[in-house]
Amino acid sequence: MSSHHLAGHFSVDDSARRIRNYRYAEERMMRVLGGWIALTPELPAKLLFGRHVWDCAQHADLWGRRLPELRAAAHESEPANDAMVAFTEMLESPEGPRQTLERIVGVYAVLKPHLVTVYARHLASTNAVYEPPTRRILTRCLEEERRHAAAGAIVLDRLARDAAGRARVADCARRLLAALEKAGGVTGDAPAPLVDPALLDVAPEIVAPDLVQVPPDFDPAALSADLASAVNDHRESLESGDAAGAAEWVEPGARDALSAAFAPLAGGITSTRVVGLAAIGRQQMVKLRIESPRAIGFVQLRWTQTTSGWRIAAGDLVSTEPVSAAP
């Protein structure tokens, strides 16, 4: 006769409650990631969200189908408490086009690492004899959430490239962790630490399929020296607010049309950057990214050689997006 104890760490009712808590977290992540795909302009983050929506949906379904086996209603989700609802509402709140960092932080630097920690602890406490269904689900969810968190950390590091971005990441993570601590984690009784960094290590080859290889930024060295000089002088005039100086680089017949193209970016251009170049015969199409306090726009300028050197013969506003202040 085996002396192995048939008792688990959690009662059947407690296990069902925890599974409803897990399903609540996974279901909310599924919904929020799906909603953020259309709101997120950065391709690496957009595709990351798209790839992980399906996994979160599968996790929610697995937990939902496990519940009847624990004498509970199928496919029910339950937040641990009101503070957990407040945490998820805070996590879901960044909806502006300029809040991608906050979106990634909430899901990939806070909630998914927390689920990794909670799932690992739960798995360690389950009984291998009579809880194999729960163990199988925990093993799958743990493996996939660990991989998701690692992929999200890489994308976050790529996008938060300056001091201001890193400060936003740190502030957002601090606020969300404080809210999660107030809730006691997804189950309402998770012990500290809510995130165990030792559980988050994943081999690079495992994470690679979740990532999109981003093409390098456009190299301005692709412009010839004389064109680069003209483009840079025009950009400097735009950034300094020297309308007359900027107009000198535009052919007289194109000035009204170009003024109309720049109109949505009025209010003081703060930065410009060359992001593309294409040749059309002897003319050069130069694409600028232009940022103002009101909007970010992409303007395509057709530069042509004249007796006075390079001049802008035409220009079009390709797209704009509003600037949303970071929280």
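The values are calculated or read from the model by the stated rules, or taken from the named source; none is laboratory data. Remember, predicted model here, so these are calculated numbers, not experimental data. A quick note on method: Cβ atoms are made from the backbone with ideal geometry, for glycine too, and the neighbour counts reach across all protein chains shown.
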Boolean, residue 181 is over 30 Å from residue 321 (Cα atoms), of a type in the set (Asp, Glu) and not assigned by TED's automatic domain parsing to the domain that holds residue 294: yes
Residue count for the range 255-279, restricted to those that are in a strand (DSSP E or B), surrounded by 14 or more Cβ atoms within 10 Å (Cβ to Cβ) and either touching a His at 6+ places or on another chain (Cβ under 6 Å) or free of Cβ contacts under 8 Å to residues at least 40 places away in the same chain (or both): 1
Pairs, first in contact (Cβ under 8 Å) with a residue 40 or more places away in the chain and within 23 Å of residue 208 (Cα to Cα) in the range 153-170, second in a loop (DSSP other than H, G, I, E, B) and acidic (Asp, Glu), C-beta under 7 Å, six or more apart: 159/42
Residue check, residue 85 free of Cβ contacts under 8 Å to residues at least 24 places away in the same chain and either surrounded by 24 or more Cβ atoms within 10 Å (Cβ to Cβ) or not acidic (Asp, Glu) (or both): yes
Looking only at the range 280-327, and only at residues there that are closer than 30 Å to residue 164 by Cα and not in a strand (DSSP E or B), the one that is modelled with the highest pLDDT: 292
The one condition in (1) surrounded by 10 or more Cβ atoms within 10 Å (Cβ to Cβ); (2) of a type in the set (A, V, I, L, M); (3) without any contact (Cβ under 8 Å) to a residue 40 or more places away in the chain that residue 198 fails to fulfil: (1)
Options 173, 190: the member that is in a helix (DSSP H, G or I) and either at pLDDT 95 or above or exposed (fewer than 13 other Cβ atoms within 10 Å of the Cβ) (or both): 173
Residue within the range 202-216 that is modelled with pLDDT under 95, surrounded by 11 or more Cβ atoms within 10 Å (Cβ to Cβ) and acidic (Asp, Glu) present: yes
